[in-house]
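Everything below concerns the one structure shown next.
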Amino acid sequence: MKQKQLIIGNWKMNPRTVLEAQKLFDDIKKEVAVFQGTDVAVCPPFVFLSGLSALNSGKEISLGAQNVSSEEEGACTGEISVGMLKTLSVKFAIIGHSERRAMGETDEMVSKKVVAAVKAGLTAVLCVGERERDHESAFLQILKEQIIASLSGISERQLKNVVIAYEPVWAIGAKAKGVVEPEALLETIIFIRKVLSDLYSQKTAHAMKILYGGSVDEKNAGSFLKEGGANGLLVGRASLNAKKFVEILKIADNI
Ligand code: 13P
């Protein structure tokens, strides 16, 4: 059976108000019922999760968080636990996004968060990606180390609750140096599967969802999914525009 594509919108620190968040969510929700071959999720800022969860009684769109605490409860000012997210029917947690790594999140912290999320039954969207792509392919070693360290507490059985998002840092955001070419993406995804296969097994590595993120839009989405071999996309800016995001969903659903 064909594996479903997984398209996740990472809203980052947007939009500005609850009303705008609800409108964006509703505009996407209206369109998603028709997509049979695609799972859809959005990851709004924490403060909007509760309101959007209430709007989502039919669970047409899965909800995700953009971060999570590695601790279950207690004296952790400013943190949000996996248990709290579970009460809002949150399904995904983005972990180790490069923007958080840039704020000081280490592989060790990422690893603890992945364990906490998976233990609670959330699906961890583990982000990995190099800052620069060099011609000697040294970036592959960086990716390998990130994957090994970030998954250090995860057993083969638990891996079904992990999705990997390959997000090259240089391809992210309005100041991106470019986008990854689909052929280069395919090679990188094959490399990631090899790392997973060495860590776990070929069967598990083959079954894992590997997403691509970095300047995805309605024009390039198809190439990442078809020629690039990605099982889905983690979309930043384009997910803040309902029309563009729905266009990406349509493309994914037709593959
Ligand atoms: P952009 O799509 O805005 O480049 O962001 C990608 C990203 O970081 C998704 O997590």
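The criterion of being acidic (Asp, Glu) and out of contact with any Pro (no Cβ under 9 Å at 6 or more places or on another chain) holds for residue 218. Just name the residue that is nearest to the ligand (Cβ to nearest atom) out of those in the range 123-144 that are hydrophobic (A, V, I, L, M, F, W, C) and either in contact with a strand residue (DSSP E or B) (Cβ under 8 Å, 6 or more places away or on another chain) or under 15 Å from residue 106 (Cα atoms) (or both). Looking at the filtered set, the residue picked out is 127. Restrict the check to the range 197-211 and report whether at least one residue is in contact with a Leu (Cβ under 6 Å, 6 or more places away or on another chain) and within 14 Å of the ligand (Cβ to nearest atom). Checked the range 197-211: at least one residue is in contact with a Leu (Cβ under 6 Å, 6 or more places away or on another chain) and within 14 Å of the ligand (Cβ to nearest atom). Annotation for the range 121-129: at least one member residue is small (Gly, Ala, Ser), buried (at least 19 other Cβ atoms within 10 Å of the Cβ) and touching a residue at least 40 places away in the same chain (Cβ under 8 Å). Sub-9 Å Cβ pairs linking a first residue in the range 1-25 that is free of Cβ contacts under 8 Å to residues at least 24 places away in the same chain to a second residue that is within 12 Å of the ligand (Cβ to nearest atom), at least 6 apart or interchain, are 20/14, ordered by first then second residue. State yes or no: is residue 136 at pLDDT below 95, of a type outside the set (A, V, I, L, M) and touching a Phe, Trp or Tyr at 6+ places or on another chain (Cβ under 8 Å)? No; evaluated as a whole, the condition is false for this residue. Among the residues of the range 145-184, those identified as crowded, with 19+ Cβ neighbours inside 10 Å, within 16 Å of the chain's Cα centre (by Cα) and within 14 Å of the ligand (Cβ to nearest atom) are 163, 164, 165, 166, 167, 168, 169, 171, 172. Residues in the range 119-144 that are more than 18 Å from the chain's Cα centre (by Cα) and part of a loop (DSSP other than H, G, I, E, B): 132, 133, 134, 135, 136, 137, 138. Annotation: of all residues in the range 82-99 being within 16 Å of the ligand (Cβ to nearest atom) and on the phi < 0 side of the Ramachandran plot, the one that is farthest from the chain's Cα centre (by Cα) is 99.
Take the conditions in a loop (DSSP other than H, G, I, E, B), surrounded by fewer than 18 Cβ atoms within 10 Å (Cβ to Cβ) and of a type in the set (Asp, Glu) and apply them to residue 71. Does it pass? For residue 71, the condition - in a loop (DSSP other than H, G, I, E, B), surrounded by fewer than 18 Cβ atoms within 10 Å (Cβ to Cβ) and of a type in the set (Asp, Glu) - is met. In this entry, residue 153 is excluded by the filter for residues that are at positive phi and either touching a Lys or Arg at 6+ places or on another chain (Cβ under 8 Å) or aliphatic (A, V, I, L, M) (or both). Taken over the range 6-37, the criterion of being at pLDDT below 95 and in contact with a strand residue (DSSP E or B) (Cβ under 8 Å, 6 or more places away or on another chain) is satisfied by 32, 37. For the condition within 16 Å of the ligand (Cβ to nearest atom), at pLDDT 95 or above, closer than 27 Å to residue 184 by Cα and surrounded by fewer than 21 Cβ atoms within 10 Å (Cβ to Cβ), residue 102 qualifies.
The values are calculated or read from the model by the stated rules, or taken from the named source; none is laboratory data. Owing to the predicted nature of the structure, the values given are computational and were not obtained by experimental measurement. Cβ coordinates were reconstructed from backbone atoms using ideal geometry, including for glycine residues, and neighbour counts include every protein chain displayed.
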